[in-house]
Amino acid sequence: MRILIAAIFLAMALPAAAQSGARPRPPGAVPLDEPPPPPAMTDPALQPQVTVRTEGDQEVQEYRVKGKLYMQRVKPKNGPAYILMDHRGDGTFSKLDNTIDSQIRVPQWVLVEF
């Protein structure tokens, strides 16, 4: 059994060892130039501007992009924080219960009823 395991290991290791050497460059091949750096992914105009204000016992953080309010995070004095989101852009805010997109509806069927 040990001989069989050693033979299998050797059969798998030899091809890998044979490929580990660097291949010589073909004659007439020219190395490529360095690629340019990728463009910046953060546009300052698209970064949210956060405004913090206090209403009574709760702290409200307002998130705006290009001056348009799209999200509010409300932290009450007592209780968990919640998020109000404007999904359509019409100024109507709806509460997000969790961080998963609220538009996802998981199909549910009754399989067995007692």
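Taken together, the values in this text are just the output of simple stated rules run on the coordinates, not laboratory data. The structure presented is a predicted model; accordingly, all values stated were derived computationally and were not measured. Reconstructed Cβ throughout: ideal geometry from the backbone, glycine too, with neighbour counts over all protein chains shown.
Under the 0.36 nm per residue contour assumption, what length would be gained going from the current alpha-carbon distance of I5 and S94 to full extension?
25.8 nm
Above 16 Å lies some portion of the pair distances; for region 1-89, what is it as a whole percent of all C-alpha pairs?
Cα-Cα pairs of region 1-89 separated by over 16 Å account for 76 percent.
For A16 and T42 in the same chain, what is the full-extension length gain: residue separation times 0.36 nm, less their Cα-Cα distance, in nm?
Gain on extension, A16 to T42, equals 5.1 nm.
Between V74 and A29, what is the spin-label point distance in nm, taking each point 7 Å from the Cα along the Cα→C-beta axis?
Using points 7 Å along Cα→Cβ, the separation is 6.4 nm.
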